[in-house]
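The values are calculated or read from the model by the stated rules, or taken from the named source; none is laboratory data. Bear in mind that the values here come from a model prediction, so they are computed numbers and not experimental data. Here the Cβ is made from the backbone with ideal geometry for all residues, glycine too, and neighbour counts use every protein chain on show. Note: accessible area is taken over every heavy atom of the protein model, side chains too, but ligands, DNA and RNA are not part of it. Shrake-Rupley method; radii C 1.70, N 1.55, O 1.52, S 1.80 Å.
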Amino acid sequence: LPPLRVPEGLLAEVAASLPETPAAKRQRFVGELGLSDYAATVLTSHPRIAGYFEEAALLSRDPVRTGNFLQSEVLGDVTTAGLEASFPLSARQLAELVRLVGDGRISGKQAKEVYSAIRGSERAPGSIVEALGLVVISDAGPLRELARELVAKHPSQATSYRAGKKGLLGFFVGQLLKATGGSADPQLASKLLETELSAS
């Protein structure tokens, strides 16, 4: 057989037309979007999942939060068959849900409730938030009073915190979130509890 000589231009053209490899996509997800290596690996495990994530991340403008919610809540309901995949909600619905959390309108726990309500439907997350009356408690007044009650209710943990066991702040934040049904703003709750626990 005579030697086959392929023009360099043709090679470059074919290479440019090839889809992005999973390895390159993982590297881009980590380097450009800020995902962890683990998240990038999970989200590139199937081409349709990777495409779905990219669409939702672009719409939400929050790739990390989008990737985390997709991994923790949505992927368990995704079905794949060969190169095809079926999702329980659209990328647009996921993006809106992520934005609601990012804007502080609902908490992470409430986002799970909203997801359960819209899964398998075309309902907008915002309409569910309104219908269920979900709202993050960001009023310092009632949260401060609740923080005082919790510190008084758990004197041994408060004493240990003041003695240097700062990790116990997480215990108090957890108690406050539990008492409010997950509706309290976690950052505000943490700040108020730090103030109460630091008081002698």
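Please give the helices (runs of 4 or more DSSP H) falling wholly within region 11-100 in which 2 or more residues are of a type in the set (Asp, Glu), open to solvent by less than 20 Å² (accessible area, probe 1.4 Å) and in contact with a Phe, Trp or Tyr (Cβ under 9 Å, 6 or more places away or on another chain).
Values: elements: 22-31, 37-43, 47-60, 63-69.
Hits in region 11-100: none.
For region 163-200, give me the residue count where each residue is out of contact with any Leu (no Cβ under 8 Å at 6 or more places or on another chain), part of a helix (DSSP H, G or I) and among the hydroxyl-bearing types (Ser, Thr, Tyr).
2
Name the residues in region 145-166 that are within 14 Å of Ala184 (Cβ to Cβ) and either among the aliphatic types (A, V, I, L, M) or surrounded by 18 or more Cβ atoms within 10 Å (Cβ to Cβ) (or both), would you?
Listed by number, the residues that qualify are Leu146, Ala147, Leu150.
What number goes with the only condition from (1) under 23 Å from the mean Cα position of the chain (by Cα); (2) of a type in the set (S, T, N, Q); (3) surrounded by 14 or more Cβ atoms within 10 Å (Cβ to Cβ) that Ser116 does not pass?
(3)
Tell me, which residue of region 50-88 that is of a type in the set (Asp, Glu) and touching a helix residue (DSSP H, G or I) at 6+ places or on another chain (Cβ under 7 Å) is nearest to Val101 (Cα to Cα)?
Only one residue fits best here, namely Asp62.
Taking region 169-200, which residues are modelled with pLDDT of 90 or more, of a type outside the set (D, E, K, R) and open to solvent by 60 Å² or more (accessible area, probe 1.4 Å)?
Phe171, Thr195
If you check every pair at least six apart or on different chains, which have Cβ atoms under 7 Å apart with a residue in region 171-200 that is in contact (Cβ under 8 Å) with a residue 60 or more places away in the chain first and a residue that is of a type outside the set (S, T, N, Q) and not in a helix (DSSP H, G or I) second?
Leu177/Ala184; Ser183/Val135; Ser183/Val136; Ser183/Ile137; Ala184/Ile137; Asp185/Gly104; Asp185/Val136; Asp185/Ile137
It is to be established whether one or more residues within region 16-31 are in contact (Cβ under 8 Å) with a residue 24 or more places away in the chain, under 30 Å from Leu188 (Cα atoms) and touching a helix residue (DSSP H, G or I) at 6+ places or on another chain (Cβ under 8 Å).
no
Among the listed residues Ser121, Ser160, Ser156, Ser127, identify the single one that is farther than 26 Å from Glu32 by Cβ, without any contact (Cβ under 8 Å) to a residue 60 or more places away in the chain, in a loop (DSSP other than H, G, I, E, B) and polar (S, T, N, Q).
Going through Ser121, Ser160, Ser156, Ser127 in turn, the sole match is Ser121.
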